[in-house]
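Asker: There's a structure below that I have some questions on.
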Amino acid sequence: MKIESTRTRHSSAGLMIPAVIATLALAVSATATVAHAAPRSAAHQSAAYSDQRTAAHNPRAMFTTWVSVWNGATAKAPGIISPDFRVHAALLDGTDGSSIRGVEGLVGLVDQIRSVFTDLRFDLEVGPLVDGRHVSARWIATGTYAGGFPGAKAAPGTVITYAGTDTLRVENGKFVEYWFNADTLSLLRQLQAI
């Protein structure tokens, strides 16, 4: 997977992020149940396992895999996400993210977000930066709003630009904690929700 810098790319299309999209997905589906993903093919699982071995104990490689998970390659999540994985964030629905746990919680979140923002793609602008057991990067992403956000007046098909920072803690070769900060005000304005 190529992670390109957006500094050299000029586009009128907006950019979206995994973390902030997470806040939207939780608000959109506060009463919805996350559907389980269809089983993956043996070839897909084998490729994911190969990526997992490469990323193990290398925070930069793990972060590259993290980006690919948010870009839809959720079969790679078990290679980088601990069963003890947890999220620390103030979400749009008023919760603190503590209900998102382990691989299933993260994959469910990614799937929900990708259903609200079609063609979701995000790229790194800065990093990843590694400091001991922590890895952090600033991202920007692009997605097309599919509709369904409570209070949003933006029309489905609206391209949203969003930016933020993900910080993750590594333990035993897997991510165990996730903090994110995002420009939620910008997102809500683009969705015409405020």
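The values are calculated or read from the model by the stated rules, or taken from the named source; none is laboratory data. Keep in mind it's a predicted model, so treat the numbers as computed, not measured. So basically every Cβ, Gly included, is an ideal-geometry build from the backbone, and we count neighbours across all protein chains shown.
Asker: Residue by residue through segment 60-96, note down the ones that are among the small types (G, A, S), outside any helix (DSSP H, G or I) and farther than 20 Å from G143 by Cβ.
Answerer: Of everything in segment 60-96, those that are among the small types (G, A, S), outside any helix (DSSP H, G or I) and farther than 20 Å from G143 by Cβ turn out to be S82, A90, G94.
Asker: Related question: Go over the candidates D51, D84, D96, D111 one by one and state the one that is modelled with pLDDT of 95 or more and either of a type outside the set (F, W, Y) or surrounded by fewer than 21 Cβ atoms within 10 Å (Cβ to Cβ) (or both).
Answerer: D84
Asker: Separate question: I'd like to check something: does segment 147-154 contain any residue that is under 14 Å from the mean Cα position of the chain (by Cα) and crowded, with 18+ Cβ neighbours inside 10 Å?
Answerer: Scanning segment 147-154, I find no residue that is under 14 Å from the mean Cα position of the chain (by Cα) and crowded, with 18+ Cβ neighbours inside 10 Å, so the answer is no.
Asker: Please find, within segment 141-159, the residue that is nearest to W70 (Cα to Cα) out of those that are among the β-branched types (V, I, T) and at pLDDT 95 or above.
Answerer: Within segment 141-159, the match that is nearest to W70 (Cα to Cα) is T144.
Asker: If only one of L124, L106 is hydrophobic (A, V, I, L, M, F, W, C), over 21 Å from G151 (Cβ atoms), surrounded by fewer than 21 Cβ atoms within 10 Å (Cβ to Cβ) and in contact with a Phe, Trp or Tyr (Cβ under 7 Å, 6 or more places away or on another chain), which one is it?
Answerer: L124 is the lone residue from the list that is hydrophobic (A, V, I, L, M, F, W, C), over 21 Å from G151 (Cβ atoms), surrounded by fewer than 21 Cβ atoms within 10 Å (Cβ to Cβ) and in contact with a Phe, Trp or Tyr (Cβ under 7 Å, 6 or more places away or on another chain).
Asker: Search segment 155-174 for residues being within 21 Å of N58 (Cβ to Cβ) and not aliphatic (A, V, I, L, M), and hand back the single one that is surrounded by the most Cβ atoms within 10 Å (Cβ to Cβ).
Answerer: Checked segment 155-174; the qualifying residue surrounded by the most Cβ atoms within 10 Å (Cβ to Cβ) is D166.
Asker: Give the residues of segment 124-154 that are touching a helix residue (DSSP H, G or I) at 6+ places or on another chain (Cβ under 8 Å), in a strand (DSSP E or B) and over 17 Å from M62 (Cβ atoms), sorted by residue number.
Answerer: If the condition is that a residue be touching a helix residue (DSSP H, G or I) at 6+ places or on another chain (Cβ under 8 Å), in a strand (DSSP E or B) and over 17 Å from M62 (Cβ atoms), then A141, G143, Y145 are the ones that fit.
Asker: Check off (1) without any contact (Cβ under 8 Å) to a residue 12 or more places away in the chain; (2) surrounded by 17 or more Cβ atoms within 10 Å (Cβ to Cβ) for D131 and give me the number that stays unchecked.
Answerer: It fails just one condition, (2).
Asker: Step by step: first the residues of segment 179-194, then only those that are in contact with a Phe, Trp or Tyr (Cβ under 7 Å, 6 or more places away or on another chain) and closer than 19 Å to W70 by Cα, then the one that is surrounded by the fewest Cβ atoms within 10 Å (Cβ to Cβ). Which residue is that?
Answerer: Checked segment 179-194; the qualifying residue surrounded by the fewest Cβ atoms within 10 Å (Cβ to Cβ) is D183.
Asker: Right, here's the next one. Being of a type in the set (G, A, S), within 20 Å of T118 (Cβ to Cβ) and not in a helix (DSSP H, G or I) is the filter here, so list the residues in segment 155-194 that pass it.
Answerer: Residues satisfying the conditions are A155, G157, A163, G164, A182, A193.
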